[in-house]
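Structure record follows, encoded as structure tokens.
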Amino acid sequence: MPIRNRFAELLPEITEWRRDIHAHPELLFETHRTSALVEEKLRSFGVDEVVTGIGRTGVVGLIRGRSNRSGKVIGLRADMDALPIFEATGVDYASTEPGRMHACGHDGHTAMLLGAAKYLSETRNFDGTCVVIFQPAEEGGGGGKEMVDDGMMERFGIQEVYGMHNMPGLPLGEFAIRPGAFFAAADQFEIHVEGKGGHAAKPHETIDTTLVAAHIVIALQSIASRNVDPLHPVVVSTCTFRTESEAHNVIPQHVLLKGTVRSHDAGVRDLAEENLKTLAQSTAAAFGATARVDFQRGYPVMVNSDEQTAFAADVAARVTGKQTRQAPPIMGGEDFAYMLESRPGAYILVGNGDTAAVHHPEYNFDDNAIPTGCSWWAEIVESRMPAE
């Protein structure tokens, strides 16, 4: 396929971009260097229009095809931000910023979309407009929502939108996708347990918040095991258990619990929130304590549109010469969900091979996946908007 041959030629250059981004990770909306690099590259490619400041530090580029009889406008999105993790890869292009690293492959996503933008700007072999979207703050900041709220879809006339994420464990260069609910809604909770502190030698004179909080942690597991239909996945994880004292002989007055709830169904999401609050408060009350629950809804369920998913899977099969795999539901969150709420589209996984998992200090994006990922981006545009 000519597209793949061209990306094989471009691989050293795209790899250089990726490793430069990797060495200079930026968090959330503070992607100033990365955004500037993306802007500079797009302008150097001859992209027709480059707009910055969408969703604070997002960058959008418009590439017009040889013709526009179809009037179609397709959006392609990559994320740019890193994670607050100390890198342990040992590569010579490792993070130069202690406590920050590209542990999820957003450096690879950005580089691949830049590579596709370069190719599409060179060839223009399509009838319509391609909008390349470089988004900040996917890792918890909701940058996708901010770009949508900034009117990106309406401003550029985007009709469909496509995204991609690398996947460790999936063979290098292969693809996987699923229609419908794909990535989970990602919500957060804090439970503040208040009792009566005192001396550990006199527990009968206290209301032991450590004991109360431990019972709450256990009780919350009944949401998945006893409250929700087992065919509807939900995950409730208590990840922080913090008392106000570190002494060996003090029963604390206050305990803070923090955690996350992941679900794939709006009804299950509502049920989990309601039951979490009821269980925490009633369990605390049974011991004479109180529990204040702060529940914060995060990213919604990411739902792939049926038609666009079938199209994206077909494109992937043509690029690789292999059948696109059926991906399982994923309990991680993904703020591309906001773009898919705004426009039909699809999100696909590209294999990163046998590597460390994402969000791990030894994770590294495999540059050998670049030609395949770039080819998928380009083929989406050329197949959806074929030149006349």
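The values are calculated or read from the model by the stated rules, or taken from the named source; none is laboratory data. Just so it is clear, the structure is predicted and the values come from calculations on it, not from any experiment. Methodologically, a virtual Cβ is constructed for each residue, glycine included, from the backbone with ideal geometry; neighbour enumeration extends over all protein chains shown. The protein model used for the area step is the full one, side chains on, heavy atoms only, and it has no ligands, DNA or RNA in it. Shrake-Rupley method; radii C 1.70, N 1.55, O 1.52, S 1.80 Å.
Report the one residue of GLY351, MET339, VAL293 whose Cα lies farthest in the direction of the positive end of the charge dipole of segment 260-388 (charges on C-beta: Lys and Arg +1, Asp and Glu -1; origin at the Cα centre).
VAL293
If only Cα atoms are counted, what is the Rg of segment 100-226, and what is its Dmax, in Å?
Computed over the Cα atoms of segment 100-226, radius of gyration and Dmax are 24.2, 79 Å.
Rounded to whole Å, give me the distance from the Cα center of segment 310-388 to that of segment 68-137.
A separation of 12 Å, based on Cα centres.
Loop only by DSSP, 15 or fewer other Cβ within 10 Å of the Cβ. Give me the GluC sites (Glu not before Pro) in segment 213-273 that pass, ordered by residue number.
Here the sparse-neighbourhood loop sites are GLU244, GLU246.
Where does segment 136-289 land on Rg(C-alpha)/(2.2 N^0.38 Å)?
Dividing the Cα Rg of segment 136-289 by 2.2 N^0.38 Å gives 1.42.
Measure off 7 Å from each Cα along the Cα-to-Cβ vector at ARG297 and ASP20, then give the distance between these two points in nanometres to one decimal.
In this crude label model, ARG297 to ASP20 measures out at 4.2 nm.
May I ask you to rank HIS359, HIS254 by accessible area, largest first, using a 1.4 Å probe over the protein chains only? Numbers along the way, then the final one.
Values: HIS359 90, HIS254 45 Å².
If we order HIS359, HIS254 from most to least accessible, we get HIS359, HIS254.
Can you say what percent of the DSSP beta bridges in segment 1-151, counting only those with both residues inside, are antiparallel? Round to 5.
55
Rounded, prolate or oblate: which one fits segment 1-70, using the alpha carbon gyration tensor with axes a ≥ b ≥ c (rounded when a/c is under 1.5, else prolate when a/b beats b/c, else oblate)?
Numbers: a/c = 2.70, a/b = 1.18, b/c = 2.28.
In terms of gyration-tensor shape, oblate.
With every protein chain present, what is the per residue accessible area of segment 307-388 (1.4 Å probe, Å²)?
Details: 3020 Å² over 82 residues.
Here the residues of segment 307-388 average 37 Å² of exposed surface.
Please report, in cubic angstrom per residue, the volume enclosed by the convex hull of the alpha-carbon atoms of segment 211-355. Don't jump to the answer; show the numbers that get you there.
Numbers: hull volume 22.4 nm³, N = 145.
It comes to 155 Å³ per residue, whole-number rounded.
What is the antiparallel percent of DSSP beta bridges lying wholly in the chain, to the nearest 5?
The antiparallel fraction comes to roughly 70 percent.
Among TYR347, TYR119, what's the order by accessible area (1.4 angstrom probe), most exposed first? Intermediate results must be reported in sequence, preceding the final value.
Working: TYR347 0, TYR119 20 Å².
My answer, sorted largest first, is TYR119, TYR347.
In whole Å, what are the extents of the chain along the principal axes defined by its C-alpha atoms, from largest to smallest?
81, 43, 37
Take VAL250 and ALA36, extend 7 Å from each Cα along the Cα→Cβ direction, and tell me the distance between the two endpoints in nm.
Going by the 7 Å Cα→Cβ label model, 4.7 nm.
Is it possible to state the helix-based mean residue ellipticity at 222 nm for the chain, with each DSSP H run of 4+ residues giving -39500 (n - 2.57), the sum divided by total residues, to the nearest 500 deg cm²/dmol? What is it? Please report the intermediate quantities before stating the final value.
Values: 10 runs with 136 residues, N = 388.
Result for the chain, helices only: -11000 deg cm²/dmol.
If I ignore ligands, DNA and RNA and count only protein heavy atoms, how much of ARG292 is accessible to a 1.4 Å probe, in Å² to the nearest 10?
Probe radius 1.4 Å; accessible area of ARG292 about 130 Å².
Along the Cα→Cβ direction, 7 angstrom out, place labels at ASN5 and ARG155. What is the inter-label distance in nm?
The answer from the label model is 3.9 nm.
Cα to Cα, under 25 Å, and not fewer than 8 places away if on the same chain: which lysines meet these conditions relative to LYS277?
In chain and number order, the partners are LYS196, LYS258.
Given the peptides 42-50, 168-176, arrange them by the average over their residues of other C-beta atoms within 10 Å, most packed first.
On the way: 42-50: 15.8, 168-176: 18.4.
Top to bottom by mean Cβ count within 10 Å: 168-176, 42-50.
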